[in-house]
1. For region 214-323, give the magnitude of the charge dipole about the Cα centre (Cβ charges: +1 Lys/Arg, -1 Asp/Glu; no others), in debye to the nearest 20.
2. Mind checking which of GLY268, GLY68, GLY112 has the largest fluctuation in a GNM of the chain, springs on alpha carbons under 10 Å?
3. Whose amide H sits under 5 Å from the amide H of GLN120, counting only residues 5 or more places off or on another chain, with H placed in the peptide plane?
4. Treat every Asp and Glu Cβ in region 2-132 as -1 and every Lys and Arg Cβ as +1, leave all other atoms uncharged, and give the resulting dipole magnitude about the Cα centre to the nearest 20 debye.
5. Stokes-Einstein D for region 2-132 at 25 °C, 0.890 mPa s, Kirkwood Rh over Cα pairs, in µm²/s?
6. Lone cysteines in the chain, defined as no other cysteine's Cβ under 4.7 Å from theirs: which are they?
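Values in this text are rule-based calculations from the coordinates and carry no lab data. On a predicted model such as this, the values are computed, not experimentally measured, just so you know. Cβ: placed from backbone, ideal geometry, glycine included. Neighbour counts: every protein chain shown.
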Amino acid sequence: MIADNTIVGNVATRNGGGIICHSGSAIVRGNIISGNVGGSSGGGIHYYLSSGSIEGNLIADNSGGPLGGGIVCSSSSPPIGGNTIVGNMADDGGGICWYNSTGTVTNSIVWGNNASTGPQISGPCTVTYSDVQDGWPGVGNIDADPLFATGPQGDYYLSQTIAGQPEQSPCVDGGDPDSAVPEGTTRTDEVCDVWPPDMGYHYYPCTAGPTPLLWVCVTPDTTQVVRGEDLWFSIDVVNVTDSTLTFDGWVDAYLLNGNPYARNPALGPVEITLGGNGGLYGVRRHVRVPMGAPFGEPYRLCCRTGAHPDSIWVEDCFEFAIVWPPAE
């Protein structure tokens, strides 16, 4: 196993600037692999006739020459999961190159890599629950700016409103809900990730967050709304403790550029009291979309609980589009 290392600034005249696994088996887990050069292939990692796995690594700014800026798997199919693969470059497969191989990629962010062929991923593979620039078919995949944020240990945390950023990364909670939550954090306040897992690399160590007091779920009637009309949604709020809780509930809106709506809160705040293990279910609310709102997506609406405006306890958000009215 190759685990928990910082592998930076190495140069190989041939293969595997950071790591090479040749005719063997290796689990590569929890490493920062950055700024390495593989003259022939595999700037960050090179697997050849090998097995193992590539799990939970930050693979950034490596150069792979002809093949695989971040990773090249040649006649090898190690599963690739929970990695952030960003800013790498090669002629073929800037992020990942499958050469005479086919494999799987899960719970990963593959973004901002560069190659003339397959800038993000080159070669046949199955990709699920991952953020791949310019898109890739597969269950749970997205193609959206991951909104990286700089934090105490590096530059590849995920922007999260609960940690103080103005925007919410689409990779938050975007991992496979049936997969284990990595031991680590994507939050700049270093609070550990909880289910459902976030996509990408997790920094370690992390700090356990406070035990949730509430559970919140918001379900929109639609994710497309016409200017001047109402956007309706249903809210469930449950007190998951045995004690009575009094708290504020409110709704904040966010614009196309991620900035908060100038008139936030869009609804509330209202004071709510729930007895132990009590809940409010199917509460119907709506916001009116201004006539002057620009068309497009994604807008975002967040239903929040806590002590307004100082503290958010638990929130749930959804994205929506403002569209033209249907043709008559």
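1. So the magnitude is around 300 debye.
2. Evaluated over the chain, the most mobile residue of the options is GLY268.
3. Residues meeting the amide H criterion: GLY94, GLY95.
4. Roughly 180 debye for region 2-132.
5. Values: Rh = 13.2 Å.
Rounded to a whole number, D works out at 186 µm²/s.
6. Here CYS21, CYS73, CYS97, CYS125, CYS171, CYS217, CYS303 come out as lacking a disulfide-compatible partner, given the Cβ-Cβ threshold of under 4.7 Å.
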